[in-house]
1. Amide H neighbours of Y307 under 5 Å, at least 5 residues apart or on other chains, H built in the peptide plane: list them.
2. If the chain between S451 and I490 were fully stretched, how many nm would it gain, using 0.36 nm times the residue separation less the Cα-Cα distance?
3. Give me a comma-separated list of calculated 3J(HN,Hα) values for region 197-213, in order, Karplus coefficients 6.51, -1.76, 1.60 applied at θ = phi - 60°, integers in Hz, x for any Gly or Pro.
4. If you bin the C-alpha pair distances of the chain every 20 Å from 0, what whole percents do you get?
5. Quick check on packing: order 416-422, 355-361, 302-308 by the mean number of other C-beta atoms within 10 Å, highest mean leading.
6. Sort I388, I261 so the one with the fewest other Cβ atoms within 10 Å of its own Cβ comes first.
7. Counting helices only, and only those DSSP H runs with n ≥ 4, report the 222 nm mean residue ellipticity of the chain as the sum of -39,500 (n - 2.57) divided by its residues, in deg cm²/dmol to the nearest 500.
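Read-outs throughout are calculated quantities, based only on the coordinates presented, and are distinct from any laboratory measurement. Quick caveat, the model's predicted, so the values are computed rather than measured. FYI the Cβ positions are ideal-geometry reconstructions off the backbone, even for glycines, and counts take in every protein chain you see.
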Amino acid sequence: MSNSYQITTLTVLLGFVSILFYLVFKSRVSTNSLEVYAVGNKSFSSISVALSLAASITSAATFIINPGFIALYGLSAFIAFGVVMPLAIYGALIIFIKRFRKYGMDVKSISIADWVGKRYDSRFLKILFGFLSMLLITFIVLICVGMTKVVSKALNANELSILIIIVAVVFTYMMIGGANTMVYTNSVQAILMIVVAVLLLGSGAYLLFKTGDDGIINRLNEIDPALTQTFNKQSPLFRDFFEVVVCNTIVGIAIVCQPHILTKSLLIKKDSQVNKFLLYTVLVLLLFFSVVFVGIYARISFPDLMYNGAKLNMDDIVSAYVLNRFPVYVGIVVILGLLAAGLSTLEGLIQSIPTTITNDFVMPLTKMANLNTAPMKINKVLTVIVGIIAILLSYDQLVNPSLSVGIFAQNGVYAFFSAAFVPVFFGIFTKTQNKWIPIAASLVAITTHFSVYYLELTPYMEGMAVKNPAIASALALILSTVMGLAIYAIKPMNKKVQKYANA
């Protein structure tokens, strides 16, 4: 790679960062209010918030990490991440967001933990989910690793140095801006992502029109027949119908129960805008989720997964494909879009995680201890701490991944929304105030998820070097939902028993 390419790439990246900082200061609100920092105080158009949400949901996982799974495991991985999970997400968004927004607007919730605590009038639930939100730091790690891989390869620079710079820059401008900044920057990033999604999908489109020996299926068969199977028995993640379809459907529905997703609906100030917002979101997501098919293009380009004489790690496949497939200046645009894909979700997580920990974990504890504290000061300190933790964990994943940083992130993120699903579901679709439903279900979900994963319960986990977090999450969601339904059914039964006893 030439020095001129690296210099040009660096110049473009610095220009992009300058634009982001301009948007930060343009949208910055001087406030000591944690609520304004979390959900903003401006009225945004439905298309702006839709772009922001679509960018937040997809992120570096969809554009950088997940295509690597498709490159390694073929059609089975594409069905899971490119078809089943997206369809489940679309349905859950449409069903959940309207109901969540209605209650969220009424009580002015600024996080999932805040929403659950107010919905069930439970300080314990608020503190519990404030604590569990720390699991989402694993998602920050995924994004940091993905962006570091892309930028370090483009600049031929040291990964640790790039990682520290990325974390320092993004965490700094998010501390300055908050939710208002995030919608502006996410909109710019989403537009870039649309351009790059079209470029990436178009980069191998010629393969779709080839037939016979040159067709995609035949070429994949020549590399490895398992790549063209609906279920890849050689993979640790896509072995059968349960892993590919059932788990990813359950996970896709539950994935919507994340603070940086559902709370986006609170940025829409008028109810009349909600349908347009959902339509725009789904249309953009259709394009974004299609990007994982680039993993097929990459595998055909690197049949033996070798690049420049070195074996490609899964998380390096997309970066190598971009550098190999595109001419210099188009490649720089694609790199910029991949960076935007990571930033879009990273900003939402930086904004939501410290806010949730502050508002729903630290502040309730300080009130119980009769301590007088300033929420925004605590929030900024926690943002710095989360940044430091992100650097340490990301560096460990750069040098010592278990197949992919995607596995590490899924384990943490899936655990969180496994716990959040029942409280949010019952809170939206029932009028129950029974606190035992969300408390028992959440504790069952967390216990089940980590027990299945780390104790290697079920044949899917036994003796596996790489374990599938979707299995643990699906089982946790099933058991916690059964628990919630059982408790929900017991109370009416008790009332009927009491009624007959008093007759």
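1. Close amide H contacts, sequence-distant or interchain: L312.
2. Roughly 11.3 nm would be gained on extension.
3. 4, 5, 5, 5, 5, x, 5, x, 4, 4, 5, 5, 9, 8, 10, x, 5
4. 24, 57, 18, 2, 0
5. Most protected by this proxy first, the peptides run 416-422, 355-361, 302-308.
6. Ranking I388, I261 by Cβ neighbours within 10 Å, fewest first, gives I388, I261.
7. Calculated at 222 nm, the ellipticity per residue is -23000 deg cm²/dmol.
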